[in-house]
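Everything below concerns the one structure shown next.
The values are calculated or read from the model by the stated rules, or taken from the named source; none is laboratory data. Owing to the predicted nature of the structure, the values given are computational and were not obtained by experimental measurement. With ideal geometry, Cβ positions are generated from the backbone for all residues, glycine too; neighbour counts draw on all protein chains shown.
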Amino acid sequence: MIISVLFLIISVHVIRKSSSSFDIAANFLTRNLGEGIKGPTINAIASSLPELLISSLFLFYFKDIEGFSAGYGTIIGSSAFNIAIIPVIVFLYIYITKGKDKVFQINKKIVKQDTYFLLGSILIMFSGIFIGIKWYWALFLILYYFIYIYYVINKRVVENNAVKFCLKKFIKDNHLNFKHKILYAEEVSRLSALFNFKLFRIFFNGKVNTFSSIIVVILSVIIIGASCYLLVLATESISDILGINLFIGAFIIAAIASSIPDTFFSLQDAKNDKFIDSFSNAYGSNIFDICIGIGLPVFIYTILSGSIDMNLPITRIGFIGDYILGGNLFIWSLIILFVFSVLVSLIFIKSKLSIRNMIFIFILYVLFLLSLLMF
């Protein structure tokens, strides 16, 4: 148990720290993009790589329904965490550090757009009950994500084409230094850089340019991916020790741990007053998780091994399923995720962000967890 917890802590540490360097690199490479585009695209894709890799590892290692259910549990748990807990953490951070009078602005139109796409991805997941978990169902999920990206880039570029790159603001937002016409980041000791995975400092002496940023993005992805192996091992081991099935272990442990990058990306954007990106990252990550995090590994697996047999039930630990839906945890989890996403999104769209609303969202998240565990 101690070793498993240690693996879990190490994997979370690596994911969190390497995400910081990636954020600088992503900000530099996308510095000319309008606000509201980087969050749901570049940041969302990279910060959601843990969910994609974990889902793939579960499916190809355990195979068929057990592997699918574990990857699926990770995605469902992470989706709820992203749109509920991340905004709560971000709001409370701004409320505490910058004062209650700080205006936390979000673009409700963008939130509404992302909500529609998120709900659409959940409905496509629901169609798997009737279509079956087959290669063309997975391909439909993947294509839907590219439709979302096409919409975001083409629609939001128009809405944000007045945004110009400002070097001084970019330096301030990303805590950089400008010396002799060269940008520098992560100016810490070599030992601290190694422990905290400060990739610009380790490999480029802190220099930030197009080449170093591209390399840092690639290295960050590799490092985050490698840490997912430890996370999967820890999840399996802890689940066995606690005597719970792998779906529940993934739903709680892997889902929350894999959402760490999303949390820090959103926090960093909010600290820099980029509230639109902060929220769009959470929603964009969910759409990526469902469409690519589930769609891509299932597409590859079903091409190689055939469709996944959903007639084999996912093991439950609650009692509600004894009375409704024939105990189908797949259907139940999608229903409560859809309802939960609608309720949380309505709060963001219709109401002002406040302590009261954040508490209400947190309560909804707790109820979401309990409703799934008790099924």
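Is it the case, given these coordinates, that residue 281 is part of a helix (DSSP H, G or I) and in contact with a Lys or Arg (Cβ under 9 Å, 6 or more places away or on another chain)?
Taking the combined requirement at face value, the residue satisfies it.
From the residues in the range 184-194 that are farther than 10 Å from residue 21 by Cβ and without any contact (Cβ under 8 Å) to a residue 24 or more places away in the chain, which one is nearest to the chain's Cα centre (by Cα)?
Ranking the qualifying residues of the range 184-194, first place goes to 194.
Could you check the range 276-327 and list, in sequence order, the residues that are touching a strand residue (DSSP E or B) at 6+ places or on another chain (Cβ under 7 Å) and at pLDDT below 90?
Scanning the range 276-327 gives 307, 308, 310.
Given the options 324, 335, 347, name the one that is hydrophobic (A, V, I, L, M, F, W, C) and farther than 18 Å from residue 81 by Cα.
324
State all residues of the range 316-365 that are more than 24 Å from the chain's Cα centre (by Cα), in a loop (DSSP other than H, G, I, E, B) and of a type in the set (A, V, I, L, M, F, W, C); if no residue qualifies, say none.
317, 319, 324
Starting from residues that are within 18 Å of residue 79 (Cα to Cα) and aromatic (Phe, Trp, Tyr), keep the ones in the range 213-259 and report whichever is nearest to the chain's Cα centre (by Cα).
Here the answer is 251.
Might you let me know whether the range 37-45 holds any residue that is at pLDDT 75 or above, in a helix (DSSP H, G or I), closer than 29 Å to residue 147 by Cα and not aromatic (Phe, Trp, Tyr)?
no
With respect to residue 303, is the statement that it is part of a helix (DSSP H, G or I), in contact (Cβ under 8 Å) with a residue 24 or more places away in the chain, in contact with a Lys or Arg (Cβ under 9 Å, 6 or more places away or on another chain) and surrounded by fewer than 19 Cβ atoms within 10 Å (Cβ to Cβ) true?
Criteria not met by residue 303.
Under 8 Å by Cβ, and 6 or more places apart or on different chains, what pairs join a residue from the range 124-145 that is over 18 Å from residue 64 (Cα atoms) with one that is surrounded by 19 or more Cβ atoms within 10 Å (Cβ to Cβ) and of a type in the set (S, T, N, Q)?
Short answer, once both residue conditions are applied: 141/121; 144/121; 145/121.
Have a look at 4, 69, 78, 56 and point out the one that is modelled with pLDDT under 85 and either of a type in the set (Gly, Ala, Ser) or within 19 Å of residue 227 (Cα to Cα) (or both).
One residue alone meets the criteria, 4.
Just one of 257, 250 is touching a Ser or Thr at 6+ places or on another chain (Cβ under 7 Å), modelled with pLDDT under 85 and of a type in the set (A, V, I, L, M); which is it?
Testing whether each residue is touching a Ser or Thr at 6+ places or on another chain (Cβ under 7 Å), modelled with pLDDT under 85 and of a type in the set (A, V, I, L, M) leaves just 257.
Would you check which residues across the range 219-254 are assigned to a helix (DSSP H, G or I), in contact (Cβ under 8 Å) with a residue 12 or more places away in the chain and more than 27 Å from residue 194 (Cα to Cα) and list them?
Within the range 219-254, 236, 237, 238, 239, 241, 246, 247, 248, 249, 250, 251, 252 qualify.
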